Each structure stands twice: as structure tokens, then as C-alpha cells.
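S.K.: Provided herewith is a single structure, encoded as C-alpha cells, for subsequent inquiry.
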Amino acid sequence: MPTVLILNGPNLGRLGSREPEIYGSATLADITAACQDLGAELGLGVDLRQTDDEAELIGWVHEAAELRLPVVINPAAFTHYSYALRDALAMRTAPLVEVHLSNPAARESFRHTSVVSAVADGTVAGFGVESYLLALRAIAQLLSA
Ligand code: DQA
């Protein structure tokens, strides 16, 4: 069973209490459980990780490239400025979907740029926890194509 890495960047460990009017009330543990349930349905293993550290996140992206693992990534604020993360993701060897809980295009102008989108197969944004589930379905589709 292929394993999907679901990587989460800074401040996403605070979901549940972090600006719930924007990000909702689900915690990262809730998102993990929902992704694991859907993964089981789709025949995909799920390995969900979160870090506030750019270097650690990039290390996981390198690991995914070496092991040919598909990735769903919510880069959080790194989305908007981390060329280092973008360059790491560009080395991918398997499907890659960018995901956001909120819709950055409808928020502050600094969130309108994603330096990551151009190296992803696609982006899902604005649907809360459902964004992650749609992204997992997209990965399943890309793996079966
Ligand atoms: C986010 C959107 C980003 O702009 C923000 O910095 C985040 C979360 C989202 O999931 O909506 O931390 O990636």
C-alpha cells in the first residue's frame, strides 16, 4: 500500500485554538484521523507530520523524493516566501498536491502569492479539513493514472 506524506508547516500544530474563525475548530489530530480513514478507503497509508522548522520540513521533502512518496503539503506561511522549500519540492519524484484550509486568494495580499504552486500538480484551498481529503483523492487519482 503506497504511503502518502501529509506535511504541515508552521503554526498548524495550533489548529483548534488558532484563529478558529479562519481555520475552523478541527485540531491536527482530527485532520490526521480523517485522512487516515479516507486513506484506508482509498488503499493509501497516511503519514501526517507537522513542524514549525523550515529545515525539518525540507528534510521531509528530500526523504519523500528519495523514497518516491507522494506528498500533500500545507506549507502554511512558507507558501508565500520560502524559495528553499519550493526548490526542494521541485525535486519531487511522485505526485504533489498543495493544500490550504483557508482560501489565501481571498485574504491579505501577501497571501496571494504561492511560490510552491508552480511545482505542484495542483492546489486545493478554502474547504477546511475537506481540502486535505480532496487532496488525498487527487493523489489517489494521480497514482492510478
Ligand atoms: C494556510 C494559509 C497561509 O496563508 C497561512 O500562513 C497558514 C495556513 C491555510 O491552510 O489556510 O498558516 O496555509
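S.K.: For residue 67, which of the numbered conditions (1) over 17 Å from residue 2 (Cα atoms); (2) away from the ligand (no atom under 13 Å from the Cβ) fails to hold?
M.R.: (1)
S.K.: Shifting gears a bit: Take residue 39 and decide whether it is assigned to a helix (DSSP H, G or I) and touching an Asp or Glu at 6+ places or on another chain (Cβ under 8 Å).
M.R.: No, not satisfied.
S.K.: Additional query: Scan 63, 108, 41, 98 and give me the residue that is of a type in the set (D, E, K, R) and under 13 Å from residue 9 (Cα atoms).
M.R.: Of the residues listed, the single one that is of a type in the set (D, E, K, R) and under 13 Å from residue 9 (Cα atoms) is 98.
S.K.: Could I ask something else about it? Mind checking which residues of segment 94-114 are buried (at least 18 other Cβ atoms within 10 Å of the Cβ) and acidic (Asp, Glu)?
M.R.: The answer is 98, and nothing else.
S.K.: Within segment 99-114, track down each residue that is among the hydrophobic types (A, V, I, L, M, F, W, C) and under 13 Å from the mean Cα position of the chain (by Cα).
M.R.: 99, 101
S.K.: Does any residue of segment 120-129 turn out to be assigned to a helix (DSSP H, G or I) and either surrounded by fewer than 14 Cβ atoms within 10 Å (Cβ to Cβ) or at pLDDT below 95 (or both)?
M.R.: no
Residue-by-condition table, conditions (1) not in a loop (DSSP other than H, G, I, E, B); (2) not hydroxyl-bearing (Ser, Thr, Tyr):
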residue	(1), (2)
32	yes, no
35	yes, yes
46	yes, yes
55	yes, yes
63	yes, yes
78	yes, yes
97	yes, yes
114	no, no
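S.K.: A further question follows. Take segment 81-93 and flag every residue that is of a type outside the set (Phe, Trp, Tyr), touching a residue at least 24 places away in the same chain (Cβ under 8 Å) and surrounded by fewer than 18 Cβ atoms within 10 Å (Cβ to Cβ).
M.R.: Hits for segment 81-93 are 84, 90, 91, 93.
S.K.: If you scan segment 42-55, which residues turn out to be more than 18 Å from residue 138 (Cβ to Cβ) and away from the ligand (no atom under 16 Å from the Cβ)?
M.R.: 55
S.K.: Can you tell me which of 101, 89 is of a type in the set (A, V, I, L, M, F, W, C) and near the ligand (Cβ under 8 Å from one of its atoms)?
M.R.: 101
S.K.: Here is a list: 144, 117. Which entry is surrounded by fewer than 18 Cβ atoms within 10 Å (Cβ to Cβ), under 18 Å from residue 38 (Cβ atoms) and either without any contact (Cβ under 8 Å) to a residue 60 or more places away in the chain or more than 11 Å from the chain's Cα centre (by Cα) (or both)?
M.R.: None of the other options fit; the residue is 144.
S.K.: Could you list, in sequence order, all residues of segment 1-41 that are surrounded by fewer than 19 Cβ atoms within 10 Å (Cβ to Cβ), aliphatic (A, V, I, L, M), at pLDDT 95 or above and more than 13 Å from the ligand (Cβ to nearest atom)?
M.R.: 29, 33, 34, 38, 40, listed by residue number.
The values are calculated or read from the model by the stated rules, or taken from the named source; none is laboratory data. Since this is a predicted model, take the numbers as computed values, not measurements. Cβ coordinates were reconstructed from backbone atoms using ideal geometry, including for glycine residues, and neighbour counts include every protein chain displayed.
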